[in-house]
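Scroll down for the structure; my scribbles are underneath it.
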Amino acid sequence: MEPRVQVVAIALATGLLLVLLLLVRRRRLLERYAILWLLSALALLVLASWTGLLEALADVVGIAYAPSALFVFAFSFVLVLLLHFSVAVSRLADQNKVLAQRLALLEERQRRSEAESRGEDDEFAPESALRD
């Protein structure tokens with residue numbers, strides 16, 4: 001790998017690592033997600049710094065130009081992270097739906113309880129009770 005390309009790759013990986021640490025420090029990124037990003041950034045930094053390992057991995061994968069292999073590995077890390085985040089978002093969407101349904105049931109139960117305590121018939125509750 002050319003020294004100029006290696007310096008740029010190391011600088012970018014180090015910059016990513018610093019940005020991630022800053023985001024964790026400012027509590028913009030949760031630790032459990034930061035671990036995945038930090039591992040990815042460290043792996044890229046190691047591959048950018050250790051050209052022998054990068055060239056060996058490029059040969060194993062069948063990529064002739066080692067810096068291209070670095071981008072392939074970076075893209076692979078991003079795909080794995082996207083898959084992980086898609087699973088997390090799907091799980092959170094399901095939990096959000098369940099919580100909204102439970103909240104609706106609790107509000108209905110509270111409305112009926114208030115109507116019974118006032119001695120009103122539940123089916124003919126005034127509109128003001130529905131808005132509460």
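Read-outs: derived from the displayed coordinates by stated rules, not from any lab. All figures in this text were calculated on a predicted structure; none of them were measured in a lab. Note that each Cβ is placed from the backbone with ideal geometry, even for glycine, and that neighbours are counted across all protein chains shown.
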Overall dimensions of the chain by Cα: Rg and Dmax, Å: 26.9, 84
Nearest-ten-degree value, helix 31-49 long axis tilted from longest Cα axis of the chain: 10
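Looking at the range 51-120, which chymotrypsin sites (Phe, Trp or Tyr not before Pro) are in a loop (DSSP not H, G, I, E or B) and have at most 15 other Cβ atoms within 10 Å?
Details: sites: Tyr65, Phe71, Phe73, Phe75, Phe77, Phe85; in loops: Tyr65.
Loop-located and lightly packed - Tyr65.
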Approximate spin-label separation Glu108-Val5, in nm, with each point projected 7 Å along Cα-to-Cβ: 6.4
